[in-house]
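Please treat every number below as a calculation from the coordinates, not as lab data. Being a predicted model, the structure only gives us computed values, none of them experimental. Here Cβ is always computed from backbone atoms with ideal geometry, including for glycine, and neighbour counts include all displayed protein chains.
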Amino acid sequence: MKRILATSLLLATLSAGTATAQISLVNPVPQKVTASGKGIVAAPAAWRVICDKNRTGCIATQALVKATTVKQQPKAAYSVTIGVKGDKAVSKVSKLIPAKAEGYYLSITDKGAVVAGADEEGLYYGVQTLLASVAEGKLECCTITDWPDVPFRGTVEGFYGTPWSHKARLSQIEFYGRNKMNVYIYGPKDDPYHRNHWRVPYPDEEARRIQELNEHAKQCGVNFYWAIHPGVDIKWNDADRDALMAKLEKMYQLGIRSFAVFFDDIWGEGTKADKQAALLNYVDDNFIKSHKDVKPLIMCPTEYNRSWANDAGGYLRTLGTKMNKDIQIMWTGNSVVHCIDKESMEWINQRIDRKAYIWWNFPVSDFVRDHILLGPAYGNGLDIANDMSGFVSNPMEHAEASKISLYGIADYTWNMKAYDYKADWEKGLKAVLPDNYEALRTFALYNKDLGPNGHGFRREEGDELKPVADAALSGDLKGVQSLLGKCYELRMAVDVLLADNSNPELRRELRPWLLQGKNVADYGVAVCAMAGNRKYPNAFPSFEQAYKQARALQVQMYELENSDVRHALQPGIKVATKVLLPTLNKLFTQTVEAYNKENGTSFVSEAEYNPYKIESTVPQLALLPVSVRGNDVTVAPSLEVIKWAKGASFTIESDRNVTFAGMEFNLGVPGVAKNFKLELYDNGVWKEVSLLHYRDNDPVIHTGNELGGMQASKLRITNVSGADQEVYFKNFKFVKQ
């Protein structure tokens, strides 16, 4: 018989909150909760933990230690008994433990608690539920039977842009553990040893950081998946196969026990399905299965969404038939950025002959870097839990801000049918910034939508504002006053958040958008003053004063969009673009036009200004934003393979003639300049300009000295190769004089 060890841990009583149901503090929402006993009672000042001796070092016990002030109190009245099915400590509740991986049974009374897991992971999650339930100094007497709907739940760090810091990654992993997410896939695009130098071992310092992340993940109940991306230049030979195996073995020696191989966003030799399947079968048979402590292998295919899948070509079906069935295949849905439903799951599962592993591209913002996405996670089917092997979110480069949506994704993947995205969003905001939740909520209301983008993926924003907006635009003074109130609310929220020190990383991430939010709010106050002045001139500032302020704020918004507050790849800083700002711009224009008509004045009524616009018959390029910084005019990059059809063109038009100093752009393919033609339009005539590479093996295209001094109102780049081209659109810039 195992000897029972009684240890004691002090739980300092937290200040009592006003919660009426402590289980409402728990995330994810448990599968089954039954109220019992005395309802809500005060949490104990201290408790003693009872467990089998072999559980004293497990992550569940350590979570209790780290979450409380540890003191030996063997005589504490309140006991917490923990264990895994088969442990003597929890033998009395053995039959109540759900027979599901990572499941647990939790009983809370005013005398003590019992946490019994189906396995060590389940025990850890039960402890997390107990800790969350006492977060406001009270306990809710109840029993909980709980388990996850989706086996693998978490994130993939797979975005383009500024990578997360080491500190941010550690914080993310802790967040995943608290919210019962069990996967973190490490695949940052900037890591050369993940992609471009995949054959090369990590230098010692980088290897040490990987080890620290992996060890931290273990302590938080998270599987740290290390991903490698060999497809960009792999040769299908024994040398590269052995190089891949050697790299994986090296990572195993560092302590990694979960692996992924990516073949996304590539073209050419690396995209062959039969070669990919053969290689991964070899890895699975000779590496994954030779180590008994390694999780199933994950692969990200080249055709990772339905819109790119060449069904007739058979890529997905080849993977389905030729690749070992225990290798998990990732999938983003019907397109690169798309919500997942039953029909789309059935479509892909039939082709790959297994349950797809979902890679959901939300709240990632690398294709809309001018927006920060603080809205809820919603839109995926609530009936697809049994159709997937895993579900991971691709978050933003803004790690703290991403937690708002990730909080909901944790809940969705754990208990899908009970998922309430609106309620969960409120809880997520409180979890990220509890002291100033109301201010964060107000600001987040105007930072949900992505704006127009090449993927056509939009989100709800400003629905609660539409009645107010409609009333204000109809000339209703009460509507104007209500709109004014919303602008004041936004301004106050921004001021509070700019001064908040409780989460400095969140404040740092939000700061550019907070500054723009204040501009929008002040602009709204000025515009509402203009509209109010027309009916009640004595109750509002003069029209001319309010007009001048509104125009000044339009300039400030434009200047902030193009300032050094943003980084080089960010096309701007946008806030409230779906309802509030368009409403204010419409109200500005109609108010100025009415005032001019009534008073014989000629104030400019134009509300927005950007001298450049894009037209393109390449769908992936048509909605890319243009930005200006000094004399540099840049187009935001597109981060996926661009299908540039023969004869298709990309055009930038200016509202006036531009004198050019130079131009360069990067389509990601050496020697591709010969396949494209650049033309400038001036006075009704298109004139061709030569395109050059700096070197034969350089993908960057430029115009040499030919462009300098030329004037035009349009430029156009056309695929003249006579064949469809697959390229990237890594950057585009022209310089004006």
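What to note about this one:
- Conditions (1) buried (at least 20 other Cβ atoms within 10 Å of the Cβ); (2) in contact with a helix residue (DSSP H, G or I) (Cβ under 9 Å, 6 or more places away or on another chain); number of the one not met by residue 450: (2)
- Taking the criterion of being among the β-branched types (Val, Ile, Thr) and under 17 Å from residue 445 (Cβ atoms), the residues of region 367-408 that qualify are 372, 404.
- Sole exception among (1) surrounded by fewer than 24 Cβ atoms within 10 Å (Cβ to Cβ); (2) in contact (Cβ under 8 Å) with a residue 12 or more places away in the chain for residue 95, by number: (2)
- Residue ID - farthest from residue 433 (Cα to Cα), chosen from residues in region 477-518 that are assigned to a helix (DSSP H, G or I) and of a type in the set (Asp, Glu): 489
- So residue 485, is it without any contact (Cβ under 8 Å) to a residue 40 or more places away in the chain and surrounded by fewer than 16 Cβ atoms within 10 Å (Cβ to Cβ): yes
- Residue 624 vs. criteria buried (at least 18 other Cβ atoms within 10 Å of the Cβ) and assigned to a strand (DSSP E or B): no
- Of the residues making up region 255-301, those that are part of a loop (DSSP other than H, G, I, E, B) and among the acidic types (Asp, Glu) are 264, 265, 293.
- Number of the exception - residue 304 against (1) crowded, with 16+ Cβ neighbours inside 10 Å; (2) hydroxyl-bearing (Ser, Thr, Tyr); (3) over 24 Å from the mean Cα position of the chain (by Cα); (4) in a loop (DSSP other than H, G, I, E, B): (3)
- Within region 526-551, the set of residues being part of a helix (DSSP H, G or I), surrounded by fewer than 20 Cβ atoms within 10 Å (Cβ to Cβ) and free of Cβ contacts under 8 Å to residues at least 40 places away in the same chain comprises 544, 545, 548, 549.
- Helices (runs of 4 or more DSSP H) completely within region 399-445 that count 2 or more residues being basic (Lys, Arg) and surrounded by fewer than 24 Cβ atoms within 10 Å (Cβ to Cβ): 421-432
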